[in-house]
Amino acid sequence: MKAVVQRRYGSAVLGDVDVPVPGPGEVLLEVRAAGVDMGTWHLLTGKPYLMRLFGFGLRTPKTPVLGRDVSGVVNQIGPGVTGFAPGDEVFGTAKGAFAEYAVAPVKQLARKPAGISFTEAAAVPISGGTALQGLRGVRAGQRVLVLGAGGGVGSYGVQIAKALGAHVTGVCSTSKVELVRSLGADEVVDYTVADFTGTYDLILSCGGDRPFSRLRKATAPRGRIVLVGAETGGSVTGGFERSLASVALNPFVSQKFVPLMSTERADVFDELRVLIEGGKIKAPVDRTFPLSEALQAIDHVYTRRSRGKVVVTI
Ligand SMILES: NC(=O)c1ccc[n+]([C@@H]2O[C@H](COP(=O)([O-])OP(=O)(O)OC[C@H]3O[C@@H](n4cnc5c(N)ncnc54)[C@H](OP(=O)(O)O)[C@@H]3O)[C@@H](O)[C@H]2O)c1
């Protein structure tokens with residue numbers, strides 16, 4: 001099969017590899033589309049180096065094919081799999097989604113939402129799941145600020161916070177203002193023109209790495225500051241020290257810092273399916289790229305040109 005093969009960190013090529021075999025608890029998918037997010041860039045480059053200690057492979061990547069977010073059709077089920085059968089349309093995360101076929105653990109798969117395309121479904125799992133987990137506990141009427149609102153996680157953050165009944169302010173650069181408005185934000189701040197003002201019950205920080213003092217100033221006493229990520233932390237630790245510092249600060253401040261470590265789980269993807277089928281959120285697909293241009297797709301996200309989500313179609 002054709003796949004984007006990565007034998008070492010920093011480079012990947014379209015090549016031919018064997019179709020993978022599903023193990024216990026896994027299924028083989030005919031991949032229809034694969035989502036791209038900042039995580040794909042991290043897996044391509046092996047940066048920050050700290051992530052290599054967390055099971056991704058110290059010197060070379062453990063998974064030889066790139067790509068995680070996936071949508072497709074079940075082709076074959078592995079030993080012990082129940083609840084899925086060949087022909088089922090699914091979405092979730094897989095090992096090596098930039099390929100014609102990929103193996104996925106069923107604990108990371110849910111039924112594809114009805115009424116959306118495979119391309120849209122592949123744009124949902126990691127970004128939508130991260131936003132959902134970061135916004136747990138938000139109540140109707142609360143004020144939510146989303147930093148990086150025009151990116152992958154942020155674009156779902158705006159929609160999910162609105163679906164929860166919050167008053168939402170999205171912060172982004174000029175080219176993403178229209179998108180963020182169209183996603184339902186009550187207020188949109190173009191940070192190249194003005195900085196955000198006001199007080200929020202929750203800040204979902206998906207870009208920009210604002211100083212803690214700035215974030216606290218904009219957060220109500222007992223409010224939460226959810227640190228999703230930013231690309232300003234350097235090649236070694238990638239901002240992990242910022243997460244540690246935020247936890248160390250918690251006992252001394254009235255607000256709570258929450259360094260988010262999202263998980264890829266079927267129940268989370270199923271919650272997203274329900275939100276999509278109920279018309280509460282949509283997959284904001286900016287651009288698609290063919291499999292042969294998967295690296296360009298990653299670069300499009302890395303260079304912050306993407307509005308919402310980017311998808312590789314197979
Ligand atoms: N914690 C977790 O479990 C988890 C899970 C998924 C992703 N992440 C991380 O979360 C971050 C966001 O991921 P993503 O996939 O959403 O990336 P993305 O699609 O690149 O979105 C990030 C957004 O941040 C915006 N941004 C950059 N500087 C900004 C600033 N100064 N103020 C406001 N916005 C700014 C960028 O565009 P503009 O500047 O043009 O507006 C971009 O739209 C990444 O660092 C990723 O690695 C963490």
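The values are calculated or read from the model by the stated rules, or taken from the named source; none is laboratory data. As the structure is a computational prediction, the values presented were derived from the model and not from experiment. With ideal geometry, Cβ positions are generated from the backbone for all residues, glycine too; neighbour counts draw on all protein chains shown.
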(message) I need every pair where a residue in the range 171-186 that is assigned by TED's automatic domain parsing to the domain that holds Ala161 and modelled with pLDDT of 95 or more has its Cβ under 6 Å from the Cβ of a residue that is of a type in the set (Ser, Thr, Tyr) and part of a helix (DSSP H, G or I), sequence separation at least 6 or different chains.
(response) Leu183/Ser155
(request) Would you check if Arg224 is within 12 Å of the ligand (Cβ to nearest atom), under 19 Å from Gly134 (Cα atoms), among the basic types (Lys, Arg) and within 24 Å of the chain's Cα centre (by Cα)? (result) no
(request) Considering only residues that are over 21 Å from Gly152 (Cα atoms) and not in a loop (DSSP other than H, G, I, E, B), look in the range 196-214 and name the one that is farthest from the ligand (Cβ to nearest atom). (result) Asp201
(message) Quick check on Ser254: is it more than 17 Å from Ala122 (Cβ to Cβ) and more than 9 Å from the ligand (Cβ to nearest atom)?
(response) yes
(message) Quick test of your reading of the structure: Ala245 fulfils all but one of (1) within 12 Å of the ligand (Cβ to nearest atom); (2) assigned to a helix (DSSP H, G or I). Name the failing condition by number.
(response) (1)
(request) Mind telling me which of the residues Leu244, Leu227, Leu275, Leu249 ends up being in contact with a helix residue (DSSP H, G or I) (Cβ under 8 Å, 6 or more places away or on another chain), more than 15 Å from Val146 (Cα to Cα) and in the same structural domain as Leu164 (by TED's automatic domain parsing)? (result) Leu249
(message) Need the failing condition index for Val193 against (1) within 11 Å of the ligand (Cβ to nearest atom); (2) touching a helix residue (DSSP H, G or I) at 6+ places or on another chain (Cβ under 8 Å); (3) farther than 21 Å from Pro259 by Cα, just the number.
(response) (1)
(message) Here's a check for you: in the range 261-305, which residue that is β-branched (Val, Ile, Thr), more than 22 Å from Ser173 (Cβ to Cβ) and within 14 Å of the ligand (Cβ to nearest atom) is surrounded by the most Cβ atoms within 10 Å (Cβ to Cβ)?
(response) Val268
(message) If I ask for residues that are surrounded by 21 or more Cβ atoms within 10 Å (Cβ to Cβ), of a type in the set (Val, Ile, Thr) and within 16 Å of Pro24 (Cα to Cα), which ones from the range 66-99 would you list?
(response) Val74
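Residue-wise test of (1) acidic (Asp, Glu); (2) at negative phi; (3) touching a Lys or Arg at 6+ places or on another chain (Cβ under 8 Å); (4) not in a helix (DSSP H, G or I).
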site	(1), (2), (3), (4)
Ile225	no, yes, yes, yes
Gly234	no, no, no, yes
Pro251	no, yes, no, no
Phe269	no, yes, no, no
Leu275	no, yes, no, no
Gly279	no, no, no, yes
(message) For the condition of a type in the set (A, V, I, L, M), within 22 Å of Gly129 (Cβ to Cβ) and not in a strand (DSSP E or B), what is the one hit in Leu53, Leu58, Leu44, Leu29?
(response) Leu44
(request) Specify the residue that is modelled with the highest pLDDT; the eligible residues are those in the range 61-81 that are part of a loop (DSSP other than H, G, I, E, B) and charged (D, E, K, R). (result) Arg68
(message) Of the residues Gly35, Gly15, only one is in a strand (DSSP E or B) and surrounded by 19 or more Cβ atoms within 10 Å (Cβ to Cβ); which?
(response) Gly35
